[in-house]
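Student: Sending over a structure as structure tokens; questions will come in a sec.
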Amino acid sequence: MLRFISRRLGMGALILLISSFLMYLLVNVSIRPMEDLEQSTARNKEQLIADRIEQLDLNTNVVIRYFKWLGNFFTGDFGVAWRSSQSVNDQLGSAMISTLQLVSAAAVLAIFLGVAVGIISALRQYTTFDYLITFLSFLLYSLPAFWVAVLLKRWGALRFNDFLRDPALTALAIAGISAALGIVWMLALGGALKRRLINFVGAGTVTALVLFYLQATNWWTSPKIDPVLIAVLGSGVAVATTLLSTGLRNRRSLGTAFSAVALGLALYVPMQYLLYYVQMNWWIITGLALVALASGAGLGRLWGGPDWRQSARTGAITAFGVAALIFLDQVMSYWGQYLAHPTISNRPIATVGDRTPNLVQSVQEADKFWLGTIDQYTHLLLPTVALMLISFASYTRYARSSMLEVLNQDYIRTARAKGLTERTVIMRHGFRNSLIPLATIVPLDIVALFGGAIITEQVFGRPGMGQMFIKSLHNAEIEPIMAYLMVTALLAVLANIIADLIYAALDPRIRVTA
Amino acid sequence: MTIPPPDTNHPAGPVEAGAPADLLAAESQAEELKMRDVEGLSQGQIVRRRFFRHRGAVVAMIVLGAVILLAFTSVGFGNWTGWWKHTPLQTGNVTGTGAQPTLSLPTWLGGDGFVWGDHPFGRDESGRDVFARVMKGTQTSLIVMFIVGIVSTVIGVIVGALAGYFGGRLDRFLMRVTDLVITIPVLVLGAVLGALAAGKNSAFLLAIFLGLASWTTLARLVRGDFLTLREREFVDAARVAGASSRRIIFKHMLPNSIGVIIVNQTLLMSTAILLETALSFVGLGITYPNISLGQLINQYQEAFATRPWLFWWPGLFIVVIALCVNFIGDGLRDAFDPRQRRIPSQRALRRAERKAAARAESAAAADSTVGASGKETT
């Protein structure tokens, strides 16, 4: 194993080296740093050209320039972007954070939703729902990312902000949304005519009630999840988690999940004090999330039984869900303050940049974290949706075909034949195995998302790596371009190695040989 | 083989029959149908028949054909000016609502009568006809799409075939080269190459460069296919008969992996058109005065609030082309996949069952002297 990894890493380093050389030559040919001077009408044009040649060292052979760049690169210096005379290392640092936020949010959402929808689509193969999802994924696949992005920016954001000014849904809109969601649930769950009707009416009614509730409590302008809602939603999470992971028959597991919800509710008030009085940052939040996971798992251990590990897993997931709800509640409580802030002035969904300038500086120390979080969220929302749609489509396709492949295997028939419940067959034997090929696609897809972020960042004006790359390409600055290329190439090489390792780790049929 | 999941709420048919017997009958019937389906047909005929059974793919092919025809005949190509009265670059004056699209929907679609008008897609801020511009842009994007497909197919097939057939050192070398190209995302590589092509401002050059960036997937697939084909008996037979390597590769092995190639390249072409439009959108592909759909959207995105039609039409054409190509690709994949079977839906199965039952019943009624049928329904 170690030999395999070191061999692959060595190979990757070699590929990186050669690719950097080729890309340096290529970029050198494609950029034209003298273009603006050649068209200039300045009287000292000759002098300016000579100066620039001197500045950029253009009389030196490009191969020698590459090795100079490589030498600097090995000392950790990416050089200077000559037009702005800004250090590339500084630029890269802030740009990477911005891009990572965007890409990770989009990737997580796309994987989660895409896999879920794809699996359901596979389970209900050749039904209306399946055809609907297939068509939808084709459509999303064919949408140009930049077109969607511009549309979201110029239409979606505008409309939503207008809606928030006077948030009132008409009865007709509520009826329409409820009917649409009812139909989706009906098609997704399937069954005989009576089941379908019950599902349609049930889902439609619940949706309509929720919308009426949101309307009546003025939720759109002052959103909150109070303890009652936490109890309801938390119980939902508990039931759903138990249903999927162990089945509702497993009483210890169900008990663990519900005691996790109870614990979360009991801690709701103390948490309010903690979150209010302690100056928050992401480290503390991560710590709290880990505490939630650990206490959920601990509850499962306390419920005991021979299969306490399953209960612990269920408890951990439920506890995390409840903790996330409490966190969301806290974030939402700052929404009113955010809306009223003069730099926002009631139009929260942003279309440009990755933060509102001068927002965080102008508020009290205690509110900084929460308002900053909301601000990042409102800026991330539209780019994430734009970036997510395409990989959502491909994950749906992959998850569907891989699940179908698995369901046709003999071991699924064996599992059914020995009398396991359908849940166990699907979740244990089917779902887990269908994730194996997916796990190898994820790293590569995330790298592709990095490429896709170029377009999204461009449209939404996020100062990320993609925008740095495009801007430098237009400005004919080779140093930032090379920095960008090295980072993406490094990521791609690592992603390939990780994909191989994941495959070997998950599938015992694959042997890693050096 | 797929066995339909056991249907618990199986409708009790008029004839007494256990579910397993039903299943078995349905399966053997399907098997028989499948055999009858392909009897005495060549592979090409089977593929063609299966393709034409894919309704989405056939519709997509017709729509794509119509788009191609419209784009090339309306504004013409090369020296030919086409039948449309405006040219993409000719400007006019825009006063009042003169720039509004004159296209209106037929009354049964909620419009006020179908009118094609003088400027069906409206005009832009300098009075240029948007229909002519969109058609010209569609032409460019289509040309780029096809050239990318051809270039990447040629390179991908050659690299993959050589690597898979000869193996050994050549294989290792070619695969390392492929890895090298893969390290850079296609969009990024395309951007750098696009910047190079933008200097020359030629759609052909851009397309060739994009083809040079996007052959890697095909090369890997073809190599994988060739690795298995190489071990097959017919290749040994050809070699024993004295065929040259070139002949074995192109005459014996390549036709066997044509399915993989066609399917993959069709899907690649749909990403190629998105890639070209995306690059043109960020100003690294086709640039003014040449026209591409992505460049049109880039040029007009600021006018979204005042003249939305400038933005809608080019985007619509990109979506239509990409969607059609994707559907054709899907149809081809189904057609070439030997494991693919048409599985009748539950509803179709039940309908067939009912029909069979009705036939059995009428036969029983006619055969009244025996009167052995268990249940009589009136």
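Student: Once both labels are modelled 7 Å past Cα along the beta-carbon direction, what's the B:A358-B:A303 spacing in nm?
Tutor: 5.9
Student: While we're here: Quick one: if you stick a label point 7 Å off each Cα along the C-beta vector at A:S87 and A:L132, how many nm between them?
Tutor: Calculated label separation equals 5.6 nm.
Student: Could you provide, to the nearest whole Å², the per residue accessible area of the stretch A:101-438 with probe 1.4 Å?
Tutor: 50
Student: Relative contact order (percent) for the stretch A:101-438, with alpha-carbon contacts under 8 angstrom and 6 or more residues of separation?
Tutor: It rounds to 28 percent for the stretch A:101-438.
Student: Short version: ³J(HN,Hα) in whole Hz for each residue of the stretch A:209-218, in order, from phi by Karplus 6.51 cos²θ - 1.76 cosθ + 1.60 (θ = phi - 60°), x for Gly and Pro, what are they?
Tutor: Taking θ as phi minus 60°, the curve returns 4, 4, 4, 4, 4, 4, 5, 5, 8, 6 Hz for the stretch A:209-218.
Student: Then there is this: Largest first, how would B:L142, A:L22 line up by accessible area (1.4 Å probe)?
Tutor: A:L22, B:L142
Student: Could you work out the mean count of beta carbons from other protein chains within 10 Å of each residue's beta carbon in A:23-31?
Tutor: Per residue, the number of nearby Cβ atoms from other chains is 4 on average.
Student: If you don't mind, there's one more thing I want to ask. Per q in 0.25 1/Å, what log10 I(q)/I(0) does a Debye calculation on the alpha-carbon atoms of the stretch A:424-510 return?
Tutor: Per q value, in the given order, log10 I(q)/I(0) is -1.14.
Student: What accessible surface, in Å², does a 1.4 Å probe find on B:D129, ignoring ligands, DNA and RNA and rounding to the nearest 10?
Tutor: Answer for B:D129: close to 0 Å² accessible.
Student: Express in Å², to the nearest 10, the accessible area of B:K355 obtained by rolling a 1.4 Å probe over the protein heavy atoms while all chains stay in place.
Tutor: 130
Student: Separate question: Using a 1.4 Å probe and ignoring any ligands, DNA or RNA, find the accessible area of A:M1 and quote it in Å² to the nearest 10.
Tutor: The accessible area comes out at roughly 130 Å².
Student: How big a patch of accessible area, both sides summed and in Å² to the nearest 100, lies buried between B and A at a 1.4 Å probe?
Tutor: In total, chains B and A hide about 4200 Å² from solvent.
Student: Using the Karplus equation 6.51 cos²θ - 1.76 cosθ + 1.60 (θ = phi - 60°), what ³J(HN,Hα) coupling, rounded to whole Hz, does each residue of the stretch B:60-73 give in order, writing x for Gly and Pro?
Tutor: 4, 5, 5, 4, 4, x, 4, 4, 4, 4, 4, 5, 8, 7
Student: Taking Cα centroids, how far is the stretch A:62-132 from the stretch A:435-481 in Å?
Tutor: Between the Cα centres of the stretch A:62-132 and the stretch A:435-481 lies a distance of 5 Å.
Student: Here is a further query. So if I restrict to the alpha-carbon atoms in the stretch B:232-328, what is the Rg, and what is Dmax, the biggest pairwise distance, in Å?
Tutor: So, for the stretch B:232-328, Rg and Dmax equal 21.9, 72 Å respectively.
Student: From the backbone phi of the stretch A:310-320, what are the Karplus-calculated ³J(HN,Hα) couplings (6.51 cos²θ - 1.76 cosθ + 1.60, θ = phi - 60°) in whole Hz, Gly and Pro given as x?
Tutor: Karplus-based 3J(HN,Hα) across the stretch A:310-320 equals 4, 4, 4, 5, 4, x, 4, 5, 5, 4, 5 Hz.
Student: Please find the FRET efficiency linking A:H474 to A:I498, where r is the Cβ-Cβ separation and R0 is fixed at 22 Å, and quote it to the nearest 0.05.
Tutor: That pair, A:H474 with A:I498, gives E of 0.10.
Student: Scattering from the C-alpha atoms of the stretch A:110-232 alone, worked out with Debye: what is log10 I(q)/I(0) at q = 0.14, 0.23 1/Å?
Tutor: So the normalised log intensities are -0.91, -1.22.
Student: Just tell me how shielded A:168-176 is by partners: mean number of partner chain Cβ atoms within 10 Å of each residue's Cβ, no decimals.
Tutor: 0
Student: Run the helix sum for chain A: -39,500 (n - 2.57) per DSSP H stretch of 4+ residues, divided by residue count, reported at 222 nm to the nearest 500 deg cm²/dmol.
Tutor: The helix contribution divided over chain A gives -25500 deg cm²/dmol.
Student: Name the residues whose placed amide hydrogens come within less than 5 Å of the amide hydrogen of A:Q86, ignoring near sequence neighbours (fewer than 5 apart) on the same chain.
Tutor: The list, which skips near neighbours in sequence, is A:A81.
Student: Taking amide H atoms as placed 1.01 Å from N in the peptide plane, list the residues 5 or more away in sequence, or in a different chain, whose amide H sits under 5 Å from that of B:V282.
Tutor: Residues meeting the criterion, in which the H sits 1.01 Å from N, do not exist here.
Student: What is the helix-to-structure angle for A:268-277, meaning the angle in degrees between its Cα long axis and the longest Cα principal axis of chain A, kept from 0 to 90 and rounded to the nearest 10?
Tutor: 20
Student: Turning to a different aspect of this structure: How big is the equivalent ellipsoid of the stretch A:101-438 along its three axes, where each semi-axis is √(5λ) from the Cα gyration tensor, reported in whole Å from largest to smallest?
Tutor: Whole-Å semi-axes of the equivalent ellipsoid: 35, 28, 20.
Student: Something else now. Please state, as a whole number in µm²/s, the translational diffusion coefficient that the Stokes-Einstein equation yields for the protein assembly as shown at 25 °C and 0.890 mPa s, with Rh defined as the Kirkwood radius across alpha carbon pairs.
Tutor: 78
Student: Further question on the same structure: Mind checking the stretch A:354-391 for chymotrypsin sites (Phe, Trp or Tyr not before Pro) that DSSP puts in a loop (not H, G, I, E or B) and that have at most 15 other Cβ atoms within 10 Å?
Tutor: When the chymotrypsin sites (Phe, Trp or Tyr not before Pro) of the stretch A:354-391 are filtered for loop state and at most 15 Cβ neighbours within 10 Å, nothing remains.
Student: Provide a whole-number value for the mean count of partner chain Cβ atoms within 10 Å of the Cβ atoms in peptide B:176-182.
Tutor: Taking the mean over all residues of the peptide, I get 5.
Student: Past 31 Å, Cα to Cα, is the threshold; run A:K224/A:K368; A:K153/A:K368; A:K471/B:K136; A:K45/A:K153; A:K153/A:K224 against it and keep the listed order.
Tutor: In this structure, A:K45/A:K153 lie more than 31 Å apart at Cα.
Student: Continuing with this model, one more query. Amide H of A:R462: which non-local residues (sequence gap of 5 or more, or other chain) have their own amide H closer than 5 Å, using H built in the peptide plane?
Tutor: Hits under the 5 Å cutoff: A:G353.
The values are calculated or read from the model by the stated rules, or taken from the named source; none is laboratory data. From a predicted model like this one, the values you see are computed outputs, not experimental measurements. Using ideal geometry, Cβ is built from the backbone for each residue, glycine included, and neighbour counts are taken over all protein chains shown. These accessible areas exclude ligands, DNA and RNA; they are computed on the full protein's heavy atoms, side chains included. Shrake-Rupley method; radii C 1.70, N 1.55, O 1.52, S 1.80 Å.
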